[in-house]
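Following: one structure in structure tokens, then a few remarks.
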Amino acid sequence: MADYIPQNDAEFDVWQKNFATYAADKKGELGLMDTDLAPLTAAQTAWTAGYGAHGTAQAAALSACTAKDGARAAYEAVLRPLVARLQLSATTTDAHRAGLRVTIRSKTRAAAGVPDTRPVAEIDASTPRRHVVDFRDEGATRKAKPAGVMGAEVWRSVGDAPPADPTACQFLALDTETPYVADYAGAQAGKRAFYYLRWVNKQGQPGPWSDVFSATIGG
């Protein structure tokens, strides 16, 4: 995203004049006090002096250039927190943002694509009649979900052999955070549980199935 503050000094000078004038003119609507504008005015005065000196002695006055750069850095240090405050303010409208020439954030987000990676799982069966299913994205070292993913569907079958197809399993949950905890009845102790997982994006679109993961149900 492009920075709202121009890099070119001449363009910055035009921009800052508009910002300071607009902020002062609309201070009531923007919820600003004179105490908020005082540092802005002081920084602007220093910038104007530094920029003027730079313009009149650009070739020879290295000190003026240094003063200008220092003044701009100090000015931006005042501008950026003020802009951040205004961006968060409920009273600041897009019309105000346009008037101040600061970033107008898009209110729409691009829809996430269908997941194209698969979850991998690790099953902790150390607690009797309980499986703790930790899952993460394939190839990832952390447990964070892929971008745009709402969670992982968890499907399960209990038996002697894995089912031929994941959809033959029982759907357990759409888990938005790892781990998923599966509890079992005493009669199921000693049997084997088989799990398939797949990512689902925020539009409800599923990705490819994982490999099968299994563990014996402890007694």
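One table, with the values for the structure above:
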item: Residue check for D116: out of contact with any Ser or Thr (no Cβ under 8 Å at 6 or more places or on another chain) and at pLDDT 95 or above; result: no
item: Condition check for P6: within 32 Å of the chain's Cα centre (by Cα) and either at pLDDT below 90 or assigned to a loop (DSSP other than H, G, I, E, B) (or both); result: yes
item: Subset of the stretch 175-190 (residues that are surrounded by fewer than 13 Cβ atoms within 10 Å (Cβ to Cβ) and touching a strand residue (DSSP E or B) at 6+ places or on another chain (Cβ under 9 Å)); result: T176, E177, V181, D183, G190
item: Candidate set from the stretch 55-74 (those that are over 28 Å from the mean Cα position of the chain (by Cα) and modelled with pLDDT of 80 or more); member that is nearest to R101 (Cα to Cα); result: R72
item: Single unsatisfied condition, T141 versus (1) assigned to a loop (DSSP other than H, G, I, E, B); (2) surrounded by fewer than 18 Cβ atoms within 10 Å (Cβ to Cβ); (3) touching a residue at least 40 places away in the same chain (Cβ under 8 Å); result: (3)
item: A193 being surrounded by fewer than 15 Cβ atoms within 10 Å (Cβ to Cβ) and among the hydrophobic types (A, V, I, L, M, F, W, C); result: no
item: Qualifying residue in the stretch 170-187 (condition: farther than 23 Å from T216 by Cα and among the hydrophobic types (A, V, I, L, M, F, W, C)); result: no
item: Among (1) surrounded by 13 or more Cβ atoms within 10 Å (Cβ to Cβ); (2) aliphatic (A, V, I, L, M); (3) part of a loop (DSSP other than H, G, I, E, B), the one test that L172 misses; result: (3)
item: The stretch 1-32 - residue that is touching a helix residue (DSSP H, G or I) at 6+ places or on another chain (Cβ under 8 Å) and among the polar types (S, T, N, Q) and, of those, nearest to R97 (Cα to Cα); result: N18
item: Residue under evaluation A24, criteria (1) at pLDDT 90 or above; (2) of a type in the set (A, V, I, L, M, F, W, C); (3) within 29 Å of the chain's Cα centre (by Cα), criterion not met; result: (3)
item: Selected residue (only one of R129, R136, R142 is touching a helix residue (DSSP H, G or I) at 6+ places or on another chain (Cβ under 9 Å), farther than 12 Å from Y196 by Cβ and among the basic types (K, R)); result: R129
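The values are calculated or read from the model by the stated rules, or taken from the named source; none is laboratory data. This one's a predicted model, so the numbers in the text were calculated from it and none came from an experiment. Don't worry about glycine lacking a Cβ; one is built from the backbone with ideal geometry, like all the others, and counts go over all protein chains shown.
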